[in-house]
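*Asks:* Let me give you the structure first, and then I'll get to my questions.
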Amino acid sequence: MADKPLVVASLADHELYVKIVEEHFRVVWWEDYIKGPEKYNNDIQGILVDAYGRLKRVDGSLLDHLPNLKIVSTLSVGTDHLDLELLFKRGIKVSRVPDVSSDCVADWGITLLVGMARRIVEGVDSAKNPATPFDFNIMGKKITGSTIGVVGFGRIGYKIAERAYGFSMKVLYYDVFRRSEEEEKKIGATYYSSVDEMLPHCDFVILIVPLLPTTRGMIGKKQFELMKNSAILVNVARAQVIDQDALVEALKNKTIRSAAIDVTYPEPLPDDHPLRFLDNIIITPHMGANSEESRRGVVVAGVKSCIAGVKGEPIPNEMLQSMMY
Amino acid sequence: MASLEDKPMVLTSHVDELNAYPQIFVPVIKKYFRIVWWADFENDQERYANEIQGILVNGGLPKITSELLDTLPNLKIVSTLGVGTDHLDLQLLKSRGIKVSSVPDVSSDCVADWGMTLLVAAARKLPEAMKSATDTATPFNYNILGKKITGSTLGIVGLGRIGYRIAERALGFKMRVLYNDITRRPEKEAALSLEYYSSLDKLLPNSDFIITVVPLTPQTHGMMGREQFKLMKKSAIFINIARAPVVQQDELVEALQSRTIQAAVLDVTSPEPLPPHHPLLHMPNVIITPHMGANSLESRRGVVEAGCESCTAAIQGKAIPREVVL
């Protein structure tokens, strides 16, 4: 027991994680750590963090107290909750899990798109809720043959486009990098170097970019006005990619038709937040990666990286400074 | 442009925003016909009976009985505004020399889109998720885990127009697609790399998702019952977008209650709607939707338009598009 290195872990409260983590480490869970950090600080060699736990940001306020920290392993694709500059400056290793959950997040992006397009939540309510009349005429938006604009064409964006193509959707995409001709041809994708130029052509817009200074607030009042009135917006990226107040206005005024968002700021939204009361929105609790396979796979991969970092061995899925956009 | 008086007269059911034609489709019909609504016909049959040359059937109404046909000496065609003809007594109509048309193709894309929508929403628990994030009485839960879609196996029962389109969409998700049909379709198999099963019972144990997309016939009536649910994986999800009687509904309830299968999604039920205390309405692993397969404006309007075209053609004695050969 004394041989196992000590890590501090801030993860979603789920039995899935506990067994896998405790197999390899002595763990102080975040809720216990904050009660008496002095007991643990000198011994902590690794941090395990995800998008769901109480610790929302790994920065100096924590790092300053951990002299023997070797690695921060985030059990997620995103690294926007880590102060990467500071970590690299201090020579602390960083790992993330860029690929294990890509299929599931792509599946979820399309699930939100088709679910909102065809108004399934209203349909279920109509059929199952005795307070709501049974309605044969809930009309949705036709999916086949429509145009989707994919904002961000990385691993997940491309997979989303493959699924859209299966519905005979016309695929447009924006990214700072352009894909190869072969990759574009496979799914009939058309490249746009400017989001603003792409938006007016889209029946559906889906966001799947990392949160960076260049993507923060990239969808705001101007972009909503450029979109069709009949367009549906889906966000499976990070909440801050959208100007959330502008989204509220756009939905209230029907500047766009509706939205389906898997991420909000904050998470969860306060009880009285206007987004909860709109009838043209689907909100879900950050579930992109939520199949058992995927979530387990992410934890296994993240723990593997963390062990390597603590042991000073080559780190699978290491995030290097050169990888920062 | 024919004036209103010149247009032929057709009989149809009624307007109701929830249960029948929404008002927006009435102008489509009026382009072709003078309309006699059922309620007016019942009140004053003598006034209209001789002039009615066609009947438009929507949502199974009006019901075509021999008594009704007896009152309509100049009826040429019954045009049903949908894919199914299981609600029509085709033998009766044949015996009276009345033509029949349906609309088997206009809504295929939308119904296929809907089948996939139901599949992914059930797999990944979308309705539950929405509640968790928006209903303040339900805790916000990061750990609603669903069934992985990519790489899973879909069994399609019925590879007609809609079944084939569902296969196309499933392949986009990198699903493995199996199918059962009374007719083997080698070209379609080859085009999409599908795996054929001549026996439904052999298809079932290999599938993570089963979707029924068959017409209702004596052969398909009750095809999914206790034995079939037992053959399915415990983790499997069953989706019905065909007709309710394809499923032995009480046996489905049993299968769900005993966790013989994981979950079910029904766009069609017996009856429609289910009575308020029906167990299916109270099971968390059951999604029910109000017969929405074709429900995009484009599709629904297109179906009405196509039905009117068929009806007009028959009245004019021309070749009838989408005729149901009796």
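The values are calculated or read from the model by the stated rules, or taken from the named source; none is laboratory data. Remember, predicted model here, so these are calculated numbers, not experimental data. In this analysis, Cβ positions are derived from the backbone assuming ideal geometry, glycine residues included, and neighbour counts consider all displayed protein chains. What goes into the accessible areas is simple: the full protein's heavy atoms, side chains included, and nothing from ligands, DNA or RNA. Shrake-Rupley method; radii C 1.70, N 1.55, O 1.52, S 1.80 Å.
*Asks:* What is the number of the single condition among (1) more than 21 Å from A:S102 (Cβ to Cβ); (2) at pLDDT 95 or above that A:A237 does not meet?
*Replies:* Just one mismatch for A:A237, condition (1).
*Asks:* Here's something else I'd like to know. Residues that are under 14 Å from A:C306 (Cβ atoms), among the basic types (K, R) and open to solvent by 30 Å² or more (accessible area, probe 1.4 Å): list the strands (runs of 3 or more DSSP E) wholly contained in the stretch A:7-108 that include at least 1 such residues.
*Replies:* Hits in the stretch A:7-108: A:26-29, A:93-95.
*Asks:* Now for a different question. If you scan the stretch A:109-138, which residues turn out to be open to solvent by 20 Å² or more (accessible area, probe 1.4 Å) and within 19 Å of A:M169 (Cβ to Cβ)?
*Replies:* Of everything in the stretch A:109-138, just one residue is open to solvent by 20 Å² or more (accessible area, probe 1.4 Å) and within 19 Å of A:M169 (Cβ to Cβ), namely A:R119.
*Asks:* Do the conditions hold for B:V247, that is, is it out of contact with any helix residue (DSSP H, G or I) (no Cβ under 8 Å at 6 or more places or on another chain), away from every other protein chain (no Cβ under 14 Å) and either at pLDDT 95 or above or more than 16 Å from B:A123 (Cα to Cα) (or both)?
*Replies:* Details: out of contact with any helix residue (DSSP H, G or I) (no Cβ under 8 Å at 6 or more places or on another chain): yes; away from every other protein chain (no Cβ under 14 Å): yes; either at pLDDT 95 or above or more than 16 Å from B:A123 (Cα to Cα) (or both): yes.
Taking the combined requirement at face value, the residue satisfies it.
*Asks:* Being out of contact with any Lys or Arg (no Cβ under 6 Å at 6 or more places or on another chain) and within 8 Å of another protein chain (Cβ to nearest Cβ), is that true of even one residue in the stretch A:293-302? Give the derivation first.
*Replies:* Of the stretch A:293-302, the ones out of contact with any Lys or Arg (no Cβ under 6 Å at 6 or more places or on another chain) are A:294-302.
Cutting the leftovers down to within 8 Å of another protein chain (Cβ to nearest Cβ) gives us A:294-295.
Yes, that holds for at least one residue.
*Asks:* In the stretch B:270-299, what residues are open to solvent by less than 30 Å² (accessible area, probe 1.4 Å), under 23 Å from B:C110 (Cα atoms) and assigned to a helix (DSSP H, G or I)?
*Replies:* Result: B:S299, single match.
*Asks:* Within the bounds of the stretch B:304-314, is there any residue that is surrounded by 20 or more Cβ atoms within 10 Å (Cβ to Cβ) and in a loop (DSSP other than H, G, I, E, B)? Spell out how you get there, then give the answer.
*Replies:* Going residue by residue through the stretch B:304-314, those that are surrounded by 20 or more Cβ atoms within 10 Å (Cβ to Cβ) are B:304, B:306-308, B:310-314.
Okay, now just the ones that are also in a loop (DSSP other than H, G, I, E, B), so none.
Checked the stretch B:304-314: no residue is surrounded by 20 or more Cβ atoms within 10 Å (Cβ to Cβ) and in a loop (DSSP other than H, G, I, E, B).
*Asks:* Can you work out which of the residues in the stretch B:124-181 that are over 22 Å from the mean Cα position of the chain (by Cα) and of a type in the set (S, T, Y) is farthest from A:H273 (Cα to Cα)?
*Replies:* If we take residues in the stretch B:124-181 being over 22 Å from the mean Cα position of the chain (by Cα) and of a type in the set (S, T, Y), then B:T153 is farthest from A:H273 (Cα to Cα).
*Asks:* Kindly establish whether B:S310 is within 23 Å of B:L18 (Cα to Cα) and in contact (Cβ under 8 Å) with a residue 24 or more places away in the chain.
*Replies:* On the way: within 23 Å of B:L18 (Cα to Cα): no; in contact (Cβ under 8 Å) with a residue 24 or more places away in the chain: yes.
Judged against the criteria, B:S310 is not a match.
*Asks:* Considering only the stretch B:182-190, I want to know if a residue exists there that is within 12 Å of another protein chain (Cβ to nearest Cβ), open to solvent by less than 40 Å² (accessible area, probe 1.4 Å) and not β-branched (V, I, T).
*Replies:* So the first thing to find is which residues in the stretch B:182-190 are within 12 Å of another protein chain (Cβ to nearest Cβ), and the list is none.
No; the residues of the stretch B:182-190 include none that is within 12 Å of another protein chain (Cβ to nearest Cβ), open to solvent by less than 40 Å² (accessible area, probe 1.4 Å) and not β-branched (V, I, T).
*Asks:* Can you confirm whether B:K174 is charged (D, E, K, R), outside any helix (DSSP H, G or I), more than 23 Å from B:M223 (Cβ to Cβ) and within 14 Å of chain A (Cβ to nearest Cβ)?
*Replies:* Numbers: charged (D, E, K, R): yes; outside any helix (DSSP H, G or I): yes; more than 23 Å from B:M223 (Cβ to Cβ): yes; within 14 Å of chain A (Cβ to nearest Cβ): yes.
Yes: the conditions hold for B:K174.
*Asks:* Given the residues A:A231, A:A246, which is the only one that is without any contact (Cβ under 8 Å) to a residue 60 or more places away in the chain, over 19 Å from B:A133 (Cβ atoms) and open to solvent by less than 10 Å² (accessible area, probe 1.4 Å)?
*Replies:* Working: A:A246 fails: open to solvent by less than 10 Å² (accessible area, probe 1.4 Å).
Only one candidate passes the filter, namely A:A231.
*Asks:* Could I ask something else about it? Does any residue of the stretch B:261-269 turn out to be open to solvent by 20 Å² or more (accessible area, probe 1.4 Å), within 25 Å of B:Y21 (Cα to Cα) and either at the interface with chain A (Cβ under 8 Å from one of its Cβ atoms) or not aromatic (F, W, Y) (or both)?
*Replies:* No; the residues of the stretch B:261-269 include none that is open to solvent by 20 Å² or more (accessible area, probe 1.4 Å), within 25 Å of B:Y21 (Cα to Cα) and either at the interface with chain A (Cβ under 8 Å from one of its Cβ atoms) or not aromatic (F, W, Y) (or both).
*Asks:* Taking only the stretch A:265-279 into account, find how many residues are closer than 22 Å to A:A106 by Cα and either open to solvent by less than 10 Å² (accessible area, probe 1.4 Å) or away from every other protein chain (no Cβ under 12 Å) (or both).
*Replies:* 1
*Asks:* Can you tell me which residue within the stretch B:148-166, out of those that are part of a loop (DSSP other than H, G, I, E, B) and surrounded by fewer than 22 Cβ atoms within 10 Å (Cβ to Cβ), is farthest from the other protein chains (Cβ to nearest Cβ)? Spell out how you get there, then give the answer.
*Replies:* Residues of the stretch B:148-166 part of a loop (DSSP other than H, G, I, E, B): B:148-152, B:158-160.
Those still in the list that are surrounded by fewer than 22 Cβ atoms within 10 Å (Cβ to Cβ) too: B:148, B:150-151, B:160.
Working: B:K148: 4, B:T150: 4, B:G151: 7, B:G160: 16 Å.
It comes out as B:G160.
*Asks:* Within the stretch A:155-220, considering only helices (runs of 4 or more DSSP H) that don't extend past its boundaries, which have at least 3 residues that are of a type in the set (F, W, Y) and open to solvent by 60 Å² or more (accessible area, probe 1.4 Å)? Even if it seems obvious, please write down each step before you answer.
*Replies:* Details: elements: A:155-166, A:181-186, A:195-198.
Ranges flagged: none.
*Asks:* Among the residues of the stretch A:249-262, what is the count of those that are out of contact with any Phe, Trp or Tyr (no Cβ under 8 Å at 6 or more places or on another chain), buried (at least 24 other Cβ atoms within 10 Å of the Cβ) and farther than 19 Å from A:P200 by Cβ?
*Replies:* Summing the residues that are out of contact with any Phe, Trp or Tyr (no Cβ under 8 Å at 6 or more places or on another chain), buried (at least 24 other Cβ atoms within 10 Å of the Cβ) and farther than 19 Å from A:P200 by Cβ in the stretch A:249-262 gives 2.
*Asks:* Please determine whether any residue of the stretch B:134-142 is within 9 Å of another protein chain (Cβ to nearest Cβ), in contact (Cβ under 8 Å) with a residue 60 or more places away in the chain and within 21 Å of A:E122 (Cβ to Cβ).
*Replies:* Checked the stretch B:134-142: no residue is within 9 Å of another protein chain (Cβ to nearest Cβ), in contact (Cβ under 8 Å) with a residue 60 or more places away in the chain and within 21 Å of A:E122 (Cβ to Cβ).
*Asks:* Just checking, which of A:D135, A:D99, A:D125 is at the interface with another protein chain (Cβ under 7 Å from one of its Cβ atoms) and not β-branched (V, I, T)?
*Replies:* Details: A:D99 fails: at the interface with another protein chain (Cβ under 7 Å from one of its Cβ atoms); A:D125 fails: at the interface with another protein chain (Cβ under 7 Å from one of its Cβ atoms).
Matching residue, one of A:D135, A:D99, A:D125: A:D135.
*Asks:* Tally time: how many residues in the stretch B:275-296 are touching a residue at least 12 places away in the same chain (Cβ under 8 Å) and out of contact with any strand residue (DSSP E or B) (no Cβ under 7 Å at 6 or more places or on another chain)?
*Replies:* Step one: of the stretch B:275-296, the residues touching a residue at least 12 places away in the same chain (Cβ under 8 Å) are B:279-280, B:283-296.
Then drop every residue that is not out of contact with any strand residue (DSSP E or B) (no Cβ under 7 Å at 6 or more places or on another chain), which leaves B:279, B:283-284, B:289-294.
Result for the stretch B:275-296: 9.
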